[in-house]
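One structure is given here, and the rest of the page talks about it.
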Amino acid sequence: MRVIKVTALLSAVLAGLVTAYPRGLSERGDRIFVGYRYSIAKEYEDAGNRIVFQTATDNLEQLGEGAYVMNIRDGYKPFASMRDDQRLCLVYTDKDDLKAFPKIWIDMFDEYGSVGGVLWYMPAKIETYIRGFGQDPEKALLLARYPQAKAEQVVIPPKVANGKDIIFSVDCKKKGDDVSNDKVDYTADEWKNNVYPKPK
């Protein structure tokens with residue numbers, strides 16, 4: 001009788017866990033979901049399933065060099081249209097490391113007057129803008145809107161991606177896999193600490 005009760009209790013607990021996270025990606029223990037990135041899975045398999053910055057062509061240039069991650073699944077391209085040799089990588093990092101790490105929002109225009117004018121696609125001006133907040137451009141996460149998809153993205157600079165201060169792990173999916181389309185909120189509590197400019 002006692003074994004039956006314990007088994008029933010365990011089943012109930014497991015069922016509760018499944019209900020809490022049926023397909024959602026937002027949080028897994030101490031890890032937090034950062035977003036989606038298209039790439040060749042072998043790059044990350046060779047690096048131990050973590051984000052790495054490969055070459056200077058591994059960027060979209062809006063905020064300069066880095067590994068670009070988007071907060072929606074189909075922002076860069078529809079998942080269903082992905083090439084067979086590509087993978088959609090789900091990106092995670094440690095929740096506490098994310099809170100502590102510097103994060104800089106880069107708007108299209110400098111609204112704070114530190115450099116003036118357009119910032120996007122102007123890497124030298126972006127660096128100056130970041131230094132205006134007392135931060136190192138090579139040691140901060142960069143965030144910006146991605147108007148083409150009405151989405152947002154985070155850019156992991158090369159030295160951050162390849163360093164050890166904050167590790168971004170990946171879980172890469174092939175075309176045809178069942179992948180949730182959860183949207184990441186880059187204004188959630190985990191993203192509010194150590195962020196510049198300060199939210200208004």
Notebook entry, point to check: Of the conditions (1) more than 15 Å from ILE51 (Cα to Cα); (2) surrounded by 15 or more Cβ atoms within 10 Å (Cβ to Cβ), VAL154 fails just one. Which one is it?
Noted result: (1)
Next item on the list: Of all residues in segment 157-191, count the ones that are in a loop (DSSP other than H, G, I, E, B) and of a type outside the set (Lys, Arg).
Entry: 18
Next item on the list: Tell me which residues, restricted to segment 180-195, are surrounded by fewer than 17 Cβ atoms within 10 Å (Cβ to Cβ), among the hydroxyl-bearing types (Ser, Thr, Tyr) and out of contact with any Gly (no Cβ under 8 Å at 6 or more places or on another chain).
Entry: THR187
Item checked: Search result, residues across segment 110-132 that are part of a helix (DSSP H, G or I) and either under 21 Å from VAL184 (Cβ atoms) or small (Gly, Ala, Ser) (or both) -> ALA124
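Quick one: is PRO78 closer than 26 Å to ASN49 by Cβ, surrounded by fewer than 21 Cβ atoms within 10 Å (Cβ to Cβ), free of Cβ contacts under 8 Å to residues at least 40 places away in the same chain and not charged (D, E, K, R)?
yes
Out of all the residues in segment 144-156, is one or more among the aliphatic types (A, V, I, L, M) and free of Cβ contacts under 8 Å to residues at least 60 places away in the same chain?
No, every residue in segment 144-156 fails to be among the aliphatic types (A, V, I, L, M) and free of Cβ contacts under 8 Å to residues at least 60 places away in the same chain.
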Note to self: From the list GLN153, GLN62, GLN135, exactly one residue is closer than 22 Å to GLU190 by Cβ, part of a loop (DSSP other than H, G, I, E, B) and touching a strand residue (DSSP E or B) at 6+ places or on another chain (Cβ under 9 Å). Which is it?
What the structure shows: GLN135
Checklist line | Breaking point among (1) in a loop (DSSP other than H, G, I, E, B); (2) closer than 22 Å to CYS172 by Cα; (3) at pLDDT 90 or above, for ASP107 | finding: (2)
Notebook entry, point to check: Looking only at residues in segment 99-130 that are surrounded by 15 or more Cβ atoms within 10 Å (Cβ to Cβ) and aliphatic (A, V, I, L, M), which one is nearest to the chain's Cα centre (by Cα)?
Noted result: ILE104
Note to self: Taking the condition of being touching a Phe, Trp or Tyr at 6+ places or on another chain (Cβ under 9 Å) and of a type in the set (Ser, Thr, Tyr), how many residues in segment 102-137 meet it?
What the structure shows: 3
Margin query: Looking at LEU141 and the list (1) at pLDDT 95 or above; (2) exposed (fewer than 15 other Cβ atoms within 10 Å of the Cβ), which single condition is not satisfied?
Written below: (2)
Next item on the list: Give the residue that is nearest to VAL52 (Cα to Cα), with candidates limited to residues of segment 157-179 that are small (Gly, Ala, Ser) and surrounded by 15 or more Cβ atoms within 10 Å (Cβ to Cβ).
Entry: ALA161
Item checked: Residues of segment 48-88 that turn out to be small (Gly, Ala, Ser), modelled with pLDDT of 80 or more and over 25 Å from ASP177 (Cα atoms), as a count -> 2
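The values are calculated or read from the model by the stated rules, or taken from the named source; none is laboratory data. Because the structure is predicted, anything quoted here is derived from the model rather than measured. Cβ: placed from backbone, ideal geometry, glycine included. Neighbour counts: every protein chain shown.
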